[in-house]
Each structure stands twice: as C-alpha cells, then as structure tokens.
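Visitor: Shown below is the structure under consideration.
The values are calculated or read from the model by the stated rules, or taken from the named source; none is laboratory data. Because the structure is a prediction, the values reported are computed rather than measured. Glycine gets a Cβ as well: all are built from the backbone with ideal geometry, and neighbour counts include every protein chain shown.
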Amino acid sequence: MHSSQALTDIADLLAEETREPSRSFAAAFSESIGSFRISKADDPTDADMPDAFEAERASEMLVATLFDVMRDTRLNAIAPRIAWGIVHAFHKVAGQLDDEADRAARTVKDLIRSADRSEVGAVELEEAQTLCQSLDEARDAVACMRDRAAQVFHVETGRPWSSPRASLVSSKRTASVIAATDFLAARRQSRIEARAPQGPIVVVSGGQQWSDTALLWSAFDAIRARIPAMILATTAQERGVDAITAAWAASRGVKLIAFTLDRKLGKRAGFVRNETLLALDPVEAVVCEGTGIQSHLARLVRAKGVPAHFFRIADQRVDAPCR
C-alpha cells in the first residue's frame, strides 16, 4: 500500500473514537463478575479491567508504530511479516484461553451432575464457575485486542489478517473468518452462533490470477443490498478472487467461511470441496474463471439452479482501489 494512503487510513482509523473507547472495547473490558481468577493456583482478585480506551489505543499502536518505524527503510518489506506475528500472538493467547474456558465449563457441568448439596460441594462449584467466567472474560478482552490489531494490519497491507489454522470467532470481530472444519462441526453439534453462523450462504470461487477488485466489490455490494444477512463461503486461497473477497468481507463486516482443501483426497480434493459448498444450499454464487475446479463448480451451480454471476478473465478492467 502506498505510504501516504496508509497513513491517511491509519489516521482515519485512530480518529474513529478520540475520547471514548469503541463499543466493542467498552463491552469487552467491562467487569462481568466481582471476583476474578484465571487459574486454580491464583487467588481471586477484585482488581479492575484495563482501561478500555487505553487497551484499544495500545492494540492499534503495536502494529501501526511498527509500520511507521520501518516505512521507507530497507526493512519495509518485512514489516507485514512481523506485524502478522503480533496479531497472531493475540490470536494464540485468545485460543488458549478459549480452550481453558471450555475445560472449565466441562468441570462446572460435571460438578452440577454430581452435586451432593454439601457446603464443600457448593464452594467447589462456585469456584469452578468463577474460573470459567473469568476465562471467558479474559478471552473476550484478548480477542477484541486481536481484532483491532488485525484491523490496522488490513489498513497497512491492503489484505485482511488470517490465521494459518483454527477460527477467529470473536463477537467483536469486524469480519468473522471461520475455518470450514469448525463451521461444519459446529452445525452438527448445534454450537453457538459465533461458531455456526446461520444465514443465507453465498458461494464464491475463482482463480488466483484475478486482480479486478472493483468489479467483484461492486458485485458483492449489490448482493448484500438484496441479502443483508449473507454469509460468504470461499475456497480459502491466499491470492486472487478469495483474497479480494476476504478484503471485502472485512471492510463490510460480513461473515466469511474459508473452506480449505482436504489434502488427503489428492486430486479429488477440489471437486469434493465444490460438492461440500453446494451441500450448504447457497442462495447465490459468484464464480470467476480460473481452473477446472471453477468450471466444475459452475456446472454444479447451474445443475442445482442456484442464481449465479459468472465472470471471465476477459471481463477484468483496470483495477481501482476499493474501501
């Protein structure tokens, strides 16, 4: 991204809230319980959460300052790699807290089932519930910081931050990029909405050589105008159509499910993924010319009667920036 444009966008981002934290940070950094502990070994504390405004600014500046220091220097090219790692650190800790909260929740359920109505049992249950609630509170705060840092990464690099594995399922996230394996498992297990979003699915697929951002963003805006609750399902490629789609989703706050290939299926992997996408009963599809995988998906879409938009490589125009 051009440095002057990046600085302008960063300034716009930082100016969104100049005196008060955003609603997401205000919610994530509020105390939901009186006594807090995230480990059985820790003593409970009634200390306050970090100041929401300061936490928001710190999340932004961790990434923005790195780019500012390296801009127009010989290390400029590696700034995105380091910034990616900063966001990933937040993501990793949020995931760890999420796993610990799940284990704590299972403990609470076990204690409820085995409750003997004794005073010792009641204290043990109360402590287990406090641990679970504390971990949930901490996870939400860290995930919110991750999402803000990821937002700055997107502004600076022009592409949305994404994790190599697992899901980003913070309720504060601008665009929920959800790993397909988690999505399907969540549907089967009827898990919470953040992990199994319910809504009309729009399937998107295309080649990695695609570069016309303006054409696709215009098409997605038109679809969203008709289907405000749309959820995008893509083929999880890092370049071309899928990358453009992810950037649009991040910009518009639209949930996106990234379906990666099951490498164990070998040459059949892409075709099986197409069948999985159609099994979601999409209400619409956007298919851009690419390889035989896209041709196969186009045939499936037509056969199922899904309303679709087909774009050829020849349809591309001179690219224009989209915000």
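Visitor: For residues that are among the acidic types (Asp, Glu) and surrounded by fewer than 24 Cβ atoms within 10 Å (Cβ to Cβ), scanning just the stretch 217-247, find the one that is farthest from ARG273 (Cα to Cα).
Guide: Here the answer is ASP221.
Visitor: To continue, here is another question. Modelled with pLDDT under 60 and surrounded by 16 or more Cβ atoms within 10 Å (Cβ to Cβ) - does that describe any residue in the stretch 151-168?
Guide: Yes, the conditions are met somewhere in the stretch 151-168.
Visitor: Follow-up question, since we're still on this one. Could you check, for the stretch 53-64, whether at least one of its residues is free of Cβ contacts under 8 Å to residues at least 60 places away in the same chain and among the hydroxyl-bearing types (Ser, Thr, Tyr)?
Guide: No: zero hits.
Visitor: Restricting to the stretch 2-59, give me the number of residues that are among the basic types (Lys, Arg) and either touching a helix residue (DSSP H, G or I) at 6+ places or on another chain (Cβ under 6 Å) or modelled with pLDDT under 55 (or both).
Guide: Number satisfying all stated conditions: 1.
Visitor: Go through (1) more than 25 Å from SER24 (Cα to Cα); (2) without any contact (Cβ under 8 Å) to a residue 24 or more places away in the chain; (3) of a type in the set (Val, Ile, Thr); (4) assigned to a helix (DSSP H, G or I) for THR73 and report which single condition fails.
Guide: So the condition that THR73 fails would be (4).
Visitor: Mind telling me which of the residues PHE29, PHE36 ends up being surrounded by 14 or more Cβ atoms within 10 Å (Cβ to Cβ), touching a strand residue (DSSP E or B) at 6+ places or on another chain (Cβ under 8 Å) and either aliphatic (A, V, I, L, M) or closer than 30 Å to GLU126 by Cβ (or both)?
Guide: Going through PHE29, PHE36 in turn, the sole match is PHE36.
Visitor: Identify, from the list SER59, SER24, SER39, the residue that is in the same structural domain as VAL152 (by TED's automatic domain parsing) and either of a type in the set (Phe, Trp, Tyr) or part of a loop (DSSP other than H, G, I, E, B) (or both).
Guide: Every option except SER39 fails the conditions.
Visitor: Please specify each residue of the stretch 180-207 satisfying the condition of being closer than 25 Å to GLY292 by Cβ and either at pLDDT below 85 or exposed (fewer than 14 other Cβ atoms within 10 Å of the Cβ) (or both).
Guide: Hits for the stretch 180-207 are ALA180, THR181, LEU184.
Visitor: Show me the strands (runs of 3 or more DSSP E) found entirely inside the stretch 212-323 where at least 2 residues are touching a Leu at 6+ places or on another chain (Cβ under 6 Å) and touching a residue at least 24 places away in the same chain (Cβ under 8 Å).
Guide: So the answer is 231-234.
Visitor: Follow-up. Condition test on SER134, is it hydroxyl-bearing (Ser, Thr, Tyr) and not assigned by TED's automatic domain parsing to the domain that holds PRO80?
Guide: no
Visitor: Okay, moving on. Do you know which residues across the stretch 60-85 are in contact with a helix residue (DSSP H, G or I) (Cβ under 8 Å, 6 or more places away or on another chain) and of a type in the set (Lys, Arg)?
Guide: Across the stretch 60-85, the qualifying residue is only ARG71.
Visitor: Shifting gears a bit: Checking the structure you have, find out if any residue of the stretch 248-259 is of a type in the set (Gly, Ala, Ser), exposed (fewer than 13 other Cβ atoms within 10 Å of the Cβ) and either modelled with pLDDT of 85 or more or at positive phi (or both).
Guide: yes
Visitor: Looking at VAL69 and the list (1) exposed (fewer than 14 other Cβ atoms within 10 Å of the Cβ); (2) at pLDDT below 95; (3) farther than 17 Å from ASP140 by Cβ, which single condition is not satisfied?
Guide: Result: VAL69 passes all but (2).
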